[in-house]
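Have a look at the structure below before the remarks.
The values are calculated or read from the model by the stated rules, or taken from the named source; none is laboratory data. Computed from a predicted model, the values in this text were never measured in an experiment. Backbone-built Cβ (ideal geometry, glycine too); neighbour counts: all protein chains shown. Side chains included, ligands, DNA and RNA excluded: accessible areas come from the protein's heavy atoms. Shrake-Rupley method; radii C 1.70, N 1.55, O 1.52, S 1.80 Å.
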Amino acid sequence: MKLFPILTAALVCVALYFVVLDRESLTDFAAGFVPEPQNAPEEMADDETADALAEEAEATSDDGRMHVVVRRSEAQVTENAVLMRGRTEAIRLVDVASETSGRIISAPIRAGAFVEEGQVMCEIDPGTSQTALEEAQARLAEAQARVPEAEARLPEAQARLPEARAMLAQAQAQLASAQIDGNAASRLSESGFGSETRAASAAAGVAAAEAGVQSAEAGVEAADAGVQSARAGIQSALAGVRAAEAAVTRAEDAIADLTIYAPFSGLLESDTAELGTLMQPGAICATIIQLDPIKLVGFVPEAQVDRVTLGARAGADLSSGQRVEGEVTFVSRSADDSTRTFRVEITVENPELLIRDGQTADILVQTEGIPAHLLPSSALTLDDDGRLGVRTVVDGVVEFVEVQMIRDTPRGVLLTGLPEVADVITVGQEFVTAGVEVRTTFEELTQ
């Protein structure tokens, strides 16, 4: 029973001997069973064909060099887009609030309705607002009536002023004449040519003239004060008019605040205030949202923010599967304190309102193209220092070239760092190192 395993083992050992150690004997033995070729072509017998076969055999003989497959790659300008993850955001979202108090007297508009700019959304009971307006208008008319009366006093006061000044000039002239007469009478009396009575009478005339001058000066001051008073009366009347006009404006604004209008065209995100609701200043009438156009908001790292420019084209894939395009309209100048990223806004047209506020979006912002090579990811390798690169062949010798990967695509990876034209090893790169001579076969690229 043990004979067959022993014989099997012996036969295996003999076979291994001939395969590993004495392959030539095995080859000669097997060649004896190959039949002689019949009807060989006559052209194979000539010398030229034999020489060609010999040269081919010599070229394909094993010379000790590793055989690798190479792809000749040429750099092409590739769009190097900036990828961001963000969301959609309404261009406007406003809580329209009341500025006064009162009860709602209008029927509500339900959420989801489209409202035009200036459309009435909420109306508040006017109460006594109209009466207050009429009262303010009556005060305004009364204040306006006082203005002509005050203005009429000014010419009257101004007319008295020249009369008072003329009286002052006359009194001053009389004083000068009386002083001359008094001086003459006093000198005559001292020299004994005039009586003391005449001197006393002249002195009394001077005193009376001085009193007349003082009275005339008082009259001028009174006339000037009358002019100033008339002007002050006009200013007071005008101030009363302005105060009355302000009261009318406040009353009109109070009436205007009773009706709340849509500040812009958009969709209602909530019902308007219900009929009978008591509104207070700051109470919400409705929330309105504008979605056309709409913004895409993303956040770009500080290392790539300089590549995003205003006006650059951008596209996004929304979570709903919709693809949209727009342009960059805002790039923040200040980084977020926690994430160190910069806010980027892209404006997108949304005429049919298919894009909603708050949808997740994968955003690509177009930047200037750069030369890059499209190669299979399997061509990438690492050198002894752990650097990412590819192995190329230059004049039959392997070289390692460090590369930078731009992005991955369905057809391969886009790489920079290679020369404009490079022979890149795509098969066998893991079995060779820099400086090794290799035999190459160029792969055929198919579309």
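Residues in the stretch 328-345 that are touching a Gly at 6+ places or on another chain (Cβ under 6 Å) and either open to solvent by 50 Å² or more (accessible area, probe 1.4 Å) or modelled with pLDDT under 95 (or both): 0 in all. Condition first: of a type in the set (S, T, Y) and part of a strand (DSSP E or B). Now tell me which residues in the stretch 269-318 satisfy that. Residue satisfying the conditions is T287 alone.
Considering R139, R110, the condition of being in a loop (DSSP other than H, G, I, E, B) and open to solvent by 60 Å² or more (accessible area, probe 1.4 Å) is satisfied by R110 alone.
Residue-by-condition table, conditions (1) under 30 Å from V324 (Cα atoms); (2) at pLDDT 50 or above; (3) polar (S, T, N, Q); (4) open to solvent by 80 Å² or more (accessible area, probe 1.4 Å):
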site: P37; (1), (2), (3), (4): no, no, no, yes
site: P41; (1), (2), (3), (4): no, no, no, no
site: E56; (1), (2), (3), (4): no, no, no, yes
site: A59; (1), (2), (3), (4): no, no, no, no
site: S73; (1), (2), (3), (4): no, yes, yes, no
site: E79; (1), (2), (3), (4): yes, yes, no, yes
site: V82; (1), (2), (3), (4): yes, yes, no, no
site: G86; (1), (2), (3), (4): yes, yes, no, no
site: T100; (1), (2), (3), (4): no, yes, yes, no
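Every residue in the stretch 249-306 that is touching a Cys at 6+ places or on another chain (Cβ under 8 Å) and either without any contact (Cβ under 8 Å) to a residue 12 or more places away in the chain or surrounded by 20 or more Cβ atoms within 10 Å (Cβ to Cβ) (or both), please. I260, T272, A273, M279, C285, A286 - these are the residues of the stretch 249-306 that are touching a Cys at 6+ places or on another chain (Cβ under 8 Å) and either without any contact (Cβ under 8 Å) to a residue 12 or more places away in the chain or surrounded by 20 or more Cβ atoms within 10 Å (Cβ to Cβ) (or both). Here the stretch 355-377 is the region considered, the condition is being assigned to a loop (DSSP other than H, G, I, E, B) and among the polar types (S, T, N, Q), and the residue that is surrounded by the most Cβ atoms within 10 Å (Cβ to Cβ) is Q366. The set of residues in the stretch 237-268 being in contact with a Ser or Thr (Cβ under 9 Å, 6 or more places away or on another chain) and either in a strand (DSSP E or B) or farther than 30 Å from A141 by Cβ (or both) consists of T259, I260, L268.
For residues that are assigned to a strand (DSSP E or B), over 13 Å from A75 (Cβ atoms) and open to solvent by 30 Å² or more (accessible area, probe 1.4 Å), tally how many sit in the stretch 405-420. Number satisfying all stated conditions: 4. The set of residues from the stretch 378-394 being of a type in the set (D, E, K, R) and either part of a strand (DSSP E or B) or under 17 Å from E74 (Cα atoms) (or both) comprises just one member, R391.
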